[in-house]
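Engineer: Below you'll find the structure I mean.
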Amino acid sequence: SPDFNMGKPSAPRVNWDEKAANLLYSFYQSSGYGKFISSAEFCWTAEDELIPVRSPSALSLGDLKGYEHEKAQVYDNLENFVRGLPYSDMLLYGDRGTGKSSTVHAMVKNFFPHKLRLVEIAKENVGHLPKLKSYLSSIPLRFLVFIDDFSLSEHDDRISSLKTALQGSAEGHADNVMIVATSNRRHIVEENFSSRMNSVHMGDSEEELLSLSDRFGITVLFAATNKQEYLAIVRAVAADMGLKTPAEILESLAERWALVRGGRSPRRARQFVDY
């Protein structure tokens, strides 16, 4: 019945014995309810609606090669989160193509059976974060609120909204919501020398900007790969795909691919093997 997801009984509760009720209760406890049963990822729209993502990333943790230490930091924090232990909001930063976003999506897929869901919010809608956290706080699941490729200008009004939503504010804290952002820069607020020099209290201005990044309890650097790391990732992805190309030829072509396309990264490695 369409009313079922709304929490309204569509028929009188008759012939419900204790065994049947307990089975239903156990199912909802382990799997969630409504749209949260079949979908792991959602988008929060500018109209404050939660929309399921129909085609989420298919990559699993096993598909992501390299960066074992970085992935372990993310995994340990998320494991604490789903177990109800102390956790921290996270900032994943580094060069483009190093697998920051892919790591987040793969982690959600891994922890889906533990009632973890992802809600992506566009960076333009960060001002809606307090409302989103309030909405999610009443749902008996755990949510990773994801802001991809994030950066702000110095005088952006969204800075205060993000500070409020991050841990550090009693009003902004929700036990079942973690915020994870990815960025190409460690300090996600873009700075310039002119505004800093024009400030009467230059040190205070700098501290104000840095305090936003510091609100993320865990920061993980995904640094660019060197030649050896890049080729190791190429070999690992090629093995997964069943390529029979001899190693010397494979590595020679992979290096040419990277030089033509302007850099070595896990993204370049996977694009090359797919090609």
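Coordinate-derived values only; no laboratory data. Since we're looking at a predicted model, the values are computed, not measured. Ideal geometry is used to build each Cβ from the backbone, glycine not excepted, and the neighbour counts take in all protein chains shown.
Engineer: For the charge dipole of segment 42-91, defined by +1 on Lys and Arg C-beta atoms and -1 on Asp and Glu C-beta atoms about the Cα centroid, which residue among Y87, N77, Y67 has the Cα displaced farthest towards the positive pole?
Structural biologist: Y67
Engineer: Using amide H atoms built in the peptide plane, which far-off residues or other-chain residues are under 5 Å from C43 H to H?
Structural biologist: I51, V53, E120
Engineer: Still on this model: Rank-order 116-128, 33-45 by packing density, defined as the average count of other C-beta atoms within 10 Å over each peptide's residues, highest first.
Structural biologist: The packing order, highest mean first, is 116-128, 33-45.
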